[in-house]
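Below: one structure, written as structure tokens.
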Amino acid sequence: MWELIQANRRKSFLLFILMGIGLIMLGAAVSYYLNPAGMGIDGAFIAVLIWIIMSLISYYKGASILLSASKAKKVTSEVHPQLFNIVEEMKIASGLPVMPEIYIINEEAPNAFAAGRSPKHAVVAVTAGLLARLNRDELQGVIAHEMAHIYNRDIRFMTLAGVMLGSIVLISEIFLRGMLISGGGARYRSSNSNSGQGQAIIMIIALVLSILVPIFAGLLYYSISRKREYLADATGVRFSRYPEGLASALEKISGTKIEMKTANKVTSPMYIALPFSKGKKAAAGLRSTHPPIEERIRILRSMDGTGFLSYQAAYSDLKGDKSNIIPGSGLQESENPGIRKAFDDVSDKRSVKRNAGDIMMAANNYHFIECSCGLRIKVPPEYKKKSINCTKCGTVHTL
Amino acid sequence: MVPLIVILAIVVVLIIWFVVIYNSLIKLRNQVKNGWSQIDVQLKRRHDLIPNLIETVKGYMKHERETLENITTYRSQAMNASGVGEKAQAEGLLGGALGALKIAVEAYPDLKANQNFLSLQEELTSTENKISFARQSYNDQVLFYNNKIQMFPSNIVAGMFTFKEEEFFELEDPAEKAVPKVEF
């Protein structure tokens, strides 16, 4: 399995070089146009500097920015023992060194994401809506997918590549807007008389680059992001040995029309499924970070085992596409572990019925008392008295 | 002079090669050990859960004394077992006995509604999942390690330092082996 990460690393490196060249070219062209005396070097330097600063911020603070943007709350095992157990099961299956931190997001829409720069600094976050809707095996499928992102080092890579794309878009947008405002004229026109024609050519080059580079960098980024989603599905299934869990979870997720309030364009590639229904419609397009969810489900359901080869075969069958989703070394695997039986669903209809609100209340340190009359009393953490009366039957409960 | 340097170079390369293989064997053996301790932790956890479970269900399940006694017996057998093979057999029997309990529980709706029992059951299920996931990765590692010991050229180094093949951990579930009885 380790070779897989190595292959990923090589591919990511290539992408970085390509996007980096685009970024430097763009910066150089823009600055050469604005200030020919600098020969474009200062612009290239500034472009790289912007990228480095943004990368450092997202590398060290990305996870916490993402978590606070989605108003996620860190939970302990008492709040949701089953979620903790499932994460630990997948930690054992993946052989990752430490347990990721677990967060719950107060949202009705079912979704989940992983974040963090390395397996030792990793975070898994799920929405309350997801916990309320999925049974044990489905939840395990989702967690396995997220742990696969951590295992494959996808998060760090997608964050840094995303930042690079962001830098490219930022620079070209500043330039294009500047052009619009100044009506095509350079702000710092050179005093050299013979530079008029050269200036025009440079301007056209800068204009073309600032339109094309973001598009190509974007296409590259999106296509890699989609590949990583397939790979995370395949790796997750290899951990859980149960494709149907993830398949039926994805089905439930795509079946809900609720949109996430706290997600936006920047954070959406992190989620297991696109958080907006608008995005879901355009999902087949080249400018989507996720493959169409129906396709993912169909691939998972046509697997004849849980190995990488089995996923690749199912993928090629469905897409009529022989290109490798799994890096070569993963395909040299000799064994194809079988699909396990469905685990007993202890969660029962009873606890699945616990709605999203209850889970969030537990995350916010509420206490629950089951009264003999059948009412479930929710005691807020601010409540300081020694006892509480049931609001329905009046029974006194001591706390 | 030249032949001497050539011979020296070959010796140095051989020594380096030897050290690299030896170290990789040690690393693999440690991984297998670590994999085994992962299983062991979960097996112990299951043993620890059982007294609590029996205490909880005892009051409800008046007619299942035999099932409960089976679990207690197999638990103490499993706790006394040593070695991978012996443990696998004892734990397989314990797993079968617990499976029988799970089926028996279906007849007691009161018990299934008990909050304490539900959380115990989640713990037990999760522990069993953890055992099976730890078993997967342990067996993967054992396979890798055993292959390395058998294959040339690492088998030479393995033979010199008596690296022994490790045993797979295969849980036998008696319930799975039994021929299902079909009744009409």
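Looking only at other chains, what is the average number of their beta-carbon atoms within 10 angstrom of each beta-carbon in B:120-128?
Mean inter-chain Cβ contacts per residue within 10 Å come to 5.
Based on the alpha-carbon gyration tensor of the protein assembly as shown and its eigenvalue square roots a ≥ b ≥ c, which shape applies: rounded if a/c is under 1.5, prolate if not and a/b is larger than b/c, or oblate?
Verdict is oblate for the protein assembly as shown.
Loop-only check: which trypsin sites (Lys or Arg not before Pro) in the range A:50-137 are DSSP coil with at most 13 other Cβ within 10 angstrom?
Taking the range A:50-137 and a limit of 13 other Cβ atoms within 10 Å, the loop trypsin sites (Lys or Arg not before Pro) found are A:Lys71.
Going through the cross-link list A:Lys91/B:Lys164; A:Lys91/B:Lys33; A:Lys74/B:Lys130; A:Lys341/B:Lys130, which pairs have a Cα-Cα distance over 21 Å in this structure?
The answer is A:Lys91/B:Lys164; A:Lys74/B:Lys130.
Return the distance in nm (one decimal) between the two label points of a simple spin-label model at A:Thr395 and A:Leu14, each offset 7 Å from Cα along Cα→Cβ.
About 6.7 nm, to one decimal.
Can you give the angle from 0 to 90° between the axis of helix B:65-80 and the longest principal axis of chain B, with both taken from C-alpha atoms, to the nearest 10?
That works out to roughly 20 degrees.
Only sites in a loop by DSSP and with at most 13 other Cβ atoms within 10 Å count here; which GluC sites (Glu not before Pro) in the range B:29-122 make the cut?
B:Glu106
At a Förster distance of 45 Å, what's the computed FRET efficiency of A:Ile41 paired with A:Ala69, Cβ-Cβ distance as r, to 0.05?
Working from the Cβ atoms, E equals 0.80.
From the phi of every residue in the range A:107-118, what ³J(HN,Hα) in whole Hz does the Karplus formula 6.51 cos²θ - 1.76 cosθ + 1.60 yield, where θ is phi - 60° and glycine or proline is x?
With coefficients 6.51, -1.76 and 1.60, one gets 9, 6, 5, x, 6, 7, 8, 10, 8, x, 7, 8 Hz.
Just the number, please: percent antiparallel of the DSSP beta bridges in the protein assembly as shown, rounded to the nearest 5.
75 percent
Taking a cut-off of 13 Å between Cα atoms, list the aspartates and glutamates near B:Lys148, but don't count ones fewer than 8 places away on the same chain.
Those aspartates and glutamates meeting the cut-off are B:Asp140, B:Glu165, B:Glu166.
Taken together, the values in this text are just the output of simple stated rules run on the coordinates, not laboratory data. Remember, predicted model here, so these are calculated numbers, not experimental data. In this analysis, Cβ positions are derived from the backbone assuming ideal geometry, glycine residues included, and neighbour counts consider all displayed protein chains.
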